[in-house]
Amino acid sequence: MKLILIDDDPIVSASLKTILEVNSDIKVLEIGSDGNQALELYMRHSPDIILMDIRMKETNGIEAGKKIMAYDADARIVYLTTFLDDEYVDEALNLGAKGYLLKQDFANIVPALKSIMANQIVFGEGVMNRLQPRHQRFKHDELSNKEHHLIELVAKGLNNKEIAEVVAYSEGTVRNQISALLEKLEVRDRTQLAIFYYQNLKK
């Protein structure tokens with residue numbers, strides 16, 4: 001797993017690098033100190049994951065993330081921050097981040113990164129607790145087996161074409177069914193659909 005770290009605190013960056021590289025399968029390719037460097041380093045190295053703070057001088061992590069996603073829609077952006085503001089969480093979800101983790105939960109950073117490499121979307125416990133009330137009223141048994149399976153495939157990171165191959169439907173049919181699920185569950189996008197799966201359906 002090859003990573004880029006972006007954090008404006010050099011002590012944090014150095015500590016993270018040490019923690020991560022204790023694992024022999026993780027290599028930190030380079031460290032940046034500002035969101036302005038994020039896209040440049042991403043384009044230079046094409047890392048598996050870019051692990052980035054949110055609040056930084058000049059360009060923050062959200063703006064940097066938007067630029068990276070515009071360059072590569074399949075980029076795995078993971079935010080590692082001390083801030084649990086609703087605005088930041090929502091913006092991270094909307095731009096397609098694969099993870100939103102809290103620095104104080106450092107013991108779970110490496111397992112989270114490995115889950116993301118396995119095409120899962122990972123959010124720290126504090127983030128999940130904040131999102132949980134949105135779907136409390138929904139009953140699990142209101143989903144058919146087919147709908148449950150589609151949500152599971154989305155949560156695993158498959159795109160519409162890949163899902164169509166698994167379920168033997170046309171890509172257009174898959175797109176329509178996922179749109180119907182978004183409306184039924186009152187979630188905005190595929191990322192929130194994946195969060196719903198991990199909160200409510202995964203056993």
Of Leu3, Leu29, which residue is without any contact (Cβ under 8 Å) to a residue 40 or more places away in the chain, part of a strand (DSSP E or B) and in contact with a strand residue (DSSP E or B) (Cβ under 9 Å, 6 or more places away or on another chain)? Leu29
Does region 133-144 include one or more residues that are outside any helix (DSSP H, G or I), charged (D, E, K, R) and either under 25 Å from Val174 (Cβ atoms) or at pLDDT 80 or above (or both)? yes
Could you pull out the residue among Val28, Val12, Val22 that is at pLDDT 95 or above and either under 23 Å from Ser115 (Cα atoms) or not assigned by TED's automatic domain parsing to the domain that holds Asp105 (or both)? Val28
Go through (1) over 12 Å from the mean Cα position of the chain (by Cα); (2) within 21 Å of Lys2 (Cα to Cα) and name the single condition Tyr88 misses. (2)
How many residues, within region 34-56, are over 27 Å from Asp86 (Cβ atoms) and either among the small types (Gly, Ala, Ser) or outside any helix (DSSP H, G or I) (or both)? 3
Quick check: anything in region 59-68 surrounded by fewer than 24 Cβ atoms within 10 Å (Cβ to Cβ), out of contact with any His (no Cβ under 7 Å at 6 or more places or on another chain), in the same structural domain as Lys17 (by TED's automatic domain parsing) and assigned to a strand (DSSP E or B)? no
Pick from region 96-113 the residues that are of a type in the set (D, E, K, R) and surrounded by 15 or more Cβ atoms within 10 Å (Cβ to Cβ): which of them is farthest from Leu193 (Cα to Cα)? Lys103
Restricting attention to region 34-56, and to residues there that are at pLDDT below 90 and surrounded by fewer than 19 Cβ atoms within 10 Å (Cβ to Cβ), which single residue is farthest from Leu113 (Cα to Cα)? Asn36
Over region 157-203, the set of residues charged (D, E, K, R), closer than 18 Å to Ala118 by Cβ and at pLDDT 80 or above is Glu162, Arg190
Just to be sure, is Ser46 over 18 Å from Thr191 (Cβ atoms) and in contact with a strand residue (DSSP E or B) (Cβ under 6 Å, 6 or more places away or on another chain)? no
Tell me which of these Ser24 doesn't satisfy, since it passes every other one: (1) in a loop (DSSP other than H, G, I, E, B); (2) under 19 Å from Phe106 (Cα atoms); (3) touching a residue at least 24 places away in the same chain (Cβ under 8 Å). (3)
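The values are calculated or read from the model by the stated rules, or taken from the named source; none is laboratory data. From a predicted model like this one, the values you see are computed outputs, not experimental measurements. Quick reminder, even Gly has a Cβ in these numbers, built from the backbone with ideal geometry, and neighbours come from all protein chains shown.
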